[in-house]
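Participant: Below are the structure tokens for one structure; questions will follow.
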Amino acid sequence: MKNKKSFAPQEAEAHPSRCPDNSAFKQQRLPAWKPQLTIATVLSTFFLTGAFCLSVGICLILSANSVKEIQINYSDKCSDCSKLRENSFNWDIECLCSIDFTLKEDMLGDVFMYYGLQNFYQNHRRYVISRSDAQLLGREVNVQQSYCAPFTTYKNGTPMAPCGAIANSMFNDTIDLFYNFNSSVIQVPLLKTGNSWWTDKNVKFRNPQSHNLSSAFAGTARPPYWQKPVYLLDEENERNNGYINDDFIIWMRVSAFATFKNLYRRISRERHFADGLPAGNYTFHISYNFPVTKFKGKKYVILSTMVWSGGSNPFLGIAYVVCGAAATLTGFIITAIHLKLRKKKTYFQK
């Protein structure tokens with residue numbers, strides 16, 4: 001027994017105590033603010049939060065409802081072209097279709113043209129990662145070591161530029177708008193640039209360094225579903241060509257839902273369209289290239305104006321209204337419970 005007691009101090013020195021120091025910080029004795037929740041503060045918080053959310057939500061819904069928008073499903077109206085595109089061997093045959101429509105009211109201000117897709121799932125895990133960000137920055141990369149498979153190289157070893165399933169499935173319909181004015185047809189001027197985010201155009205996407213784009217992409221080939229190489233996406237404007245093409249950049253930002261719309265063009269406010277799109281008869285001329293029948297999809301062309309809160313999407317306003325209604329309802333429930341318990345307490349005290 002004596003021997004065991006003699007070894008105790010040595011064991012204590014070999015294994016120091018793991019208890020924290022006796023300081024205010026390590027013992028959690030620092031001063032802290034402890035709110036005193038009273039019935040007045042709780043109810044005022046709920047009612048003020050509810051009033052704020054309801055007012056903001058109503059303003060957002062009214063603003064979204066003031067947006068003027070027209071949406072046309074052209075996958076059914078261009079049925080002949082749709083059947084032609086079902087056969088992949090007809091990819092080099094051009095198919096045009098025209099769609100007439102009428103604007104009953106003026107669309108004043110900035111007018112935006114979108115293309116919409118339905119039942120097109122871009123949120124599949126393999127699809128989302130099927131790209132090479134290093135390649136899109138203009139760097140020399142081995143695409144076979146990227147996530148682009150199977151859209152990396154051709155059988156002869158020629159790498160694809162750009163690689164990946166996202167780029168390969170890029171939307172490639174061409175849409176033009178014409179205004180029928182006094183027995184004459186006027187083409188509505190559309191802006192191809194300025195539609196993508198500044199960070200995408202100047203940070204996330206770069207062309208390879210070279211004296212011209214054709215030599216910059218020498219030794220590469222277009223993706224299988226493309227009709228022309230990446231350096232010919234916009235032959236009229238070199239600053240909107242290659243990886244920094246606005247249409248390509250917008251497509252590469254994938255959607256989280258199966259039904260979505262992407263910005264295609266903006267109406268150039270000049271001459272007859274200085275104030276927007278006047279009421280009247282219009283025609284869409286569409287070069288139909290993007291097939292949708294195999295996945296039971298639909299295609300839309302959308303014309304829409306904008307307000308301070310954005311486009312015609314009431315989701316944010318509805319979310320605010322729901323949160324405000326829930327907070328207000330909770331405040332009334334707490335008030336009822338408080339009054340009921342107070343009456344019982346007064347009764348028992350008597």
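The values are calculated or read from the model by the stated rules, or taken from the named source; none is laboratory data. It should be emphasised that the depicted structure is a prediction, and the values quoted were computed from it without experimental measurement. Backbone-built Cβ (ideal geometry, glycine too); neighbour counts: all protein chains shown. To get the accessible areas, we keep the full protein, side chains included, count just its heavy atoms, and leave off ligands, DNA and RNA. Shrake-Rupley method; radii C 1.70, N 1.55, O 1.52, S 1.80 Å.
Participant: I'd like to check which helices (runs of 4 or more DSSP H) are fully inside region 9-116 and have at least 3 residues that are hydroxyl-bearing (Ser, Thr, Tyr) and in the same structural domain as Thr335 (by the TED database).
Facilitator: Fully inside region 9-116 and qualifying: 39-65.
This table checks each residue for (1) surrounded by 14 or more Cβ atoms within 10 Å (Cβ to Cβ); (2) among the hydrophobic types (A, V, I, L, M, F, W, C).
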| residue | (1), (2) |
| --- | --- |
| Asn241 | yes, no |
| Ile250 | yes, yes |
| Ser255 | yes, no |
| Arg271 | no, no |
| Tyr288 | yes, no |
| Ser309 | yes, no |
| Val321 | yes, yes |
| Ala326 | yes, yes |
| Ile334 | yes, yes |
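Participant: Being open to solvent by 30 Å² or more (accessible area, probe 1.4 Å) and in contact (Cβ under 8 Å) with a residue 12 or more places away in the chain is the filter here; which residues of region 89-99 pass it?
Facilitator: The initial filter retains those residues of region 89-99 that are open to solvent by 30 Å² or more (accessible area, probe 1.4 Å), namely 89-94, 96, 98.
Across region 89-99, the qualifying residues are Trp91, Asp92, Glu94, Leu96, Ser98.
So that you can scan it fast, the table gives a plain yes or no per residue for (1) among the β-branched types (Val, Ile, Thr); (2) farther than 28 Å from Glu94 by Cβ; (3) at pLDDT 90 or above:
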{"residue": "Ile249", "(1), (2), (3)": "yes, no, yes"}
{"residue": "Leu263", "(1), (2), (3)": "no, no, yes"}
{"residue": "Arg266", "(1), (2), (3)": "no, no, yes"}
{"residue": "Phe284", "(1), (2), (3)": "no, no, yes"}
{"residue": "Leu303", "(1), (2), (3)": "no, no, yes"}
{"residue": "Ala325", "(1), (2), (3)": "no, yes, yes"}
{"residue": "Ile337", "(1), (2), (3)": "yes, yes, yes"}
{"residue": "Lys343", "(1), (2), (3)": "no, yes, no"}
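Participant: List the number of the failed condition for Phe178; all other conditions in (1) free of Cβ contacts under 8 Å to residues at least 12 places away in the same chain; (2) out of contact with any helix residue (DSSP H, G or I) (no Cβ under 9 Å at 6 or more places or on another chain); (3) among the hydrophobic types (A, V, I, L, M, F, W, C) hold.
Facilitator: Exception for Phe178: condition (1).
Participant: Of the conditions (1) more than 30 Å from Leu84 (Cβ to Cβ); (2) surrounded by 18 or more Cβ atoms within 10 Å (Cβ to Cβ), Leu339 fails just one. Which one is it?
Facilitator: The number of the failed condition is (2).
Participant: Just one of the numbered conditions (1) touching a strand residue (DSSP E or B) at 6+ places or on another chain (Cβ under 7 Å); (2) free of Cβ contacts under 8 Å to residues at least 24 places away in the same chain; (3) hydroxyl-bearing (Ser, Thr, Tyr) is not true of Ser63; which one?
Facilitator: Just one mismatch for Ser63, condition (2).
Participant: Find the strands (runs of 3 or more DSSP E) located wholly in region 195-306 whose residues include 2 or more that are among the aromatic types (Phe, Trp, Tyr), and list them.
Facilitator: On the way: elements: 260-267, 280-287, 298-305.
Filter on region 195-306 gives 260-267, 280-287.
Participant: Could you please find all residues in region 132-160 being part of a helix (DSSP H, G or I), over 14 Å from Pro208 (Cβ atoms) and touching a strand residue (DSSP E or B) at 6+ places or on another chain (Cβ under 8 Å)? Reasoning before the result, please.
Facilitator: If we filter region 132-160 for residues that are part of a helix (DSSP H, G or I), which is where we start, we get 133-136, 143-145.
If we keep only those that are over 14 Å from Pro208 (Cβ atoms) too, we end up with 133, 144-145.
The answer is Gln144, and nothing else.
Participant: Could you go through region 151-164 and let me know if any residue there is hydroxyl-bearing (Ser, Thr, Tyr), surrounded by fewer than 16 Cβ atoms within 10 Å (Cβ to Cβ), farther than 29 Å from Asn207 by Cβ and assigned by the TED database to the domain that holds Ser255.
Facilitator: No: region 151-164 contains no residue that is hydroxyl-bearing (Ser, Thr, Tyr), surrounded by fewer than 16 Cβ atoms within 10 Å (Cβ to Cβ), farther than 29 Å from Asn207 by Cβ and assigned by the TED database to the domain that holds Ser255.
Participant: Being assigned to a strand (DSSP E or B) and under 30 Å from Asp176 (Cβ atoms), is that true of even one residue in region 118-130?
Facilitator: Yes, region 118-130 has at least one match.
Participant: Exactly one condition in (1) buried (at least 16 other Cβ atoms within 10 Å of the Cβ); (2) of a type in the set (Gly, Ala, Ser); (3) closer than 27 Å to Lys296 by Cβ; (4) out of contact with any strand residue (DSSP E or B) (no Cβ under 6 Å at 6 or more places or on another chain) is false for Gly116; which is it?
Facilitator: Result: Gly116 fails condition (4) only.
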